[in-house]
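Written out below as structure tokens is the structure these notes cover.
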Amino acid sequence: MRNEPCWCGSGRKQKKCHKDVLKGSAFANLEQFYNEMGEKVSVNIGCLPCQKGCAQCCYDHFSITSTEWYYIMSKLYEKYSDSMVEEIIDRGYQLWVELQEKDPKTAELLQKDLTSKKPIERSDTAVHQSVFKTLIDSMAGSTHLNHHPCMFLDKETQSCTIYDIRPTICRKFGVSYTDVGEERRLEGCDIILEGAEKYMDEMVDLTEFDEADRGLQQIYLSKYDTIVQDRTYPFFYFCKIHKRDPKLTKLKILELQRHSLEDVFNFKVSRLKPMGL
Ligand code: SF4
Ligand code: SF4
Ligand SMILES: [Zn+2]
């Protein structure tokens, strides 16, 4: 298998390309999704005022899935020494400490672990969403901007230090629109929204990727015949979780390089009954 062409479509042999990431694994599926969206995202970025050094959007609040978090971590471990990665995690952890001091209510809500404990089909969606909205509102305060930028923003150049491996939300923010009834709405920063109509005329439709995006975030638990949501947190909260045990992070990365999200999760639930089920 390692002599076969790599699943990513580079044309190179798997052993010379994604040698550690197997076809059908959670990371391979995520990266394929990024690749498929890539060309259209680039077209839309070309229509927008986004450019290096413009980073208001990186001061906003957002969450990513745990799969995306581990994917980013795997790439950081490839690029940097273990101690450098631990320093990055520590930087995120400090933001968590800051949040606990400045905004204990939000910190408490985050610790309630709002995702993945309840099956999507059986959970009370309205309650879940209202708690999540409270969380976002509480984090957003009055300005809707965070008191610190994303931990991966280079403050000097105002550019993203993980651009090639940035999560889905950063790829789609501002570059995709949604149809609400007859109306087409662009979701983006204030700069984009000012010229929304003009940009939308030139942009290509990205809604075809929405279903795949949702699919990547949902996990089928065969043992319970139900679907749960992959955990979603802000970057710094993942740092809080992973500061405790960097070895566990590496183990998780190995699992996600070799197995689908379902396999990883079902393997886990067969040993460990998740709460709320
Ligand atoms: S989304 Fe807005 S703030 Fe972010 S790069 Fe584009 S124009 Fe700048
Ligand atoms: S990951 Fe990069 S693009 Fe996304 S918010 Fe952080 S710095 Fe900005
Ligand atoms: Zn490859």
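Here are Lys223, Lys198: which of them is within 20 Å of Cys54 (Cα to Cα) and of a type in the set (Lys, Arg)?
Values: Lys223 fails: within 20 Å of Cys54 (Cα to Cα).
On inspection, the qualifying residue turns out to be Lys198.
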Which ones in the range 189-220 are under 18 Å from the mean Cα position of the chain (by Cα) and of a type in the set (D, E, K, R)?
-> Asp210, Glu211, Asp213, Arg214
Answer yes if at least one residue in the range 41-63 is under 18 Å from Asp230 (Cβ atoms), within 16 Å of ligand 2 (Cβ to nearest atom) and touching a helix residue (DSSP H, G or I) at 6+ places or on another chain (Cβ under 9 Å), and no otherwise.
-> yes
Quick check: is even one residue across the range 144-162 under 23 Å from His259 (Cα atoms), surrounded by 14 or more Cβ atoms within 10 Å (Cβ to Cβ) and modelled with pLDDT of 90 or more?
-> no
Close pairs (9 angstrom Cβ cut-off, 6 or more residues apart or separate chains): more than 16 Å from Val175 (Cα to Cα) and within 16 Å of ligand 3 (Cβ to nearest atom) in the range 48-72, part of a helix (DSSP H, G or I) and acidic (Asp, Glu) anywhere = Tyr71/Glu31
Out of (1) in contact with a Pro (Cβ under 7 Å, 6 or more places away or on another chain); (2) free of Cβ contacts under 8 Å to residues at least 24 places away in the same chain, the one Glu211 does not meet is (1)
How many residues are surrounded by 15 or more Cβ atoms within 10 Å (Cβ to Cβ) and of a type outside the set (Val, Ile, Thr) if we restrict to the range 1-48?
-> 22
Examine the range 44-67 for a residue that is over 24 Å from Phe152 (Cα atoms) and not basic (Lys, Arg), and state whether such a residue exists.
-> yes
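How many of the residues in the range 150-160 are assigned to a loop (DSSP other than H, G, I, E, B) and touching a residue at least 12 places away in the same chain (Cβ under 8 Å)? Write out each step before concluding.
Taking the range 150-160 and keeping what is assigned to a loop (DSSP other than H, G, I, E, B), we get 150-152, 155-158.
Next, from what is left, pick out any that are touching a residue at least 12 places away in the same chain (Cβ under 8 Å): 150-152, 157-158.
Residues flagged as assigned to a loop (DSSP other than H, G, I, E, B) and touching a residue at least 12 places away in the same chain (Cβ under 8 Å) within the range 150-160 amount to 5.
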Filter result (within 24 Å of His61 (Cβ to Cβ) and among the aliphatic types (A, V, I, L, M)) within the range 220-246 = Val228, Ile241
Answer yes or no: is there a residue in the range 169-188 that is surrounded by 14 or more Cβ atoms within 10 Å (Cβ to Cβ), under 26 Å from Leu30 (Cβ atoms), aromatic (Phe, Trp, Tyr) and within 19 Å of the chain's Cα centre (by Cα).
-> yes
Conditions: (1) at pLDDT 55 or above; (2) part of a loop (DSSP other than H, G, I, E, B); (3) not aliphatic (A, V, I, L, M). Thr115 meets all but one. Number of the miss?
-> (1)
Residues of the range 69-90 classified as within 17 Å of the chain's Cα centre (by Cα) and not aliphatic (A, V, I, L, M), total = 5
Output the number of residues of the range 161-203 satisfying the condition of being among the aromatic types (Phe, Trp, Tyr), in contact (Cβ under 8 Å) with a residue 40 or more places away in the chain and closer than 21 Å to Leu216 by Cα.
-> 1
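Could you tell me how many of the residues in the range 161-170 are in a loop (DSSP other than H, G, I, E, B) and closer than 25 Å to Met200 by Cα?
Restricting attention to the range 161-170, the residues satisfying the condition of being in a loop (DSSP other than H, G, I, E, B) are 161-162, 166-167.
Then keep just the ones that are closer than 25 Å to Met200 by Cα; that gives 166-167.
Residues that pass the stated criteria total 2.
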Which helices (runs of 4 or more DSSP H) does the range 1-109 wholly contain that include 2 or more residues that are within 16 Å of ligand 1 (Cβ to nearest atom) and at pLDDT below 95?
-> 26-47
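Considering only the range 192-203, I want to know if a residue exists there that is within 16 Å of ligand 1 (Cβ to nearest atom) and either of a type in the set (Val, Ile, Thr) or on the phi > 0 side of the Ramachandran plot (or both). Walk me through it before giving the result.
The initial filter retains those residues of the range 192-203 that are within 16 Å of ligand 1 (Cβ to nearest atom), namely 192-200, 202-203.
Next, only the ones that are either of a type in the set (Val, Ile, Thr) or on the phi > 0 side of the Ramachandran plot (or both) stay: 192.
The answer is yes; a qualifying residue exists.
The values are calculated or read from the model by the stated rules, or taken from the named source; none is laboratory data. Bear in mind that the values here come from a model prediction, so they are computed numbers and not experimental data. Counting neighbours? That spans all protein chains shown, and the Cβs are built from the backbone with ideal geometry, glycine included.
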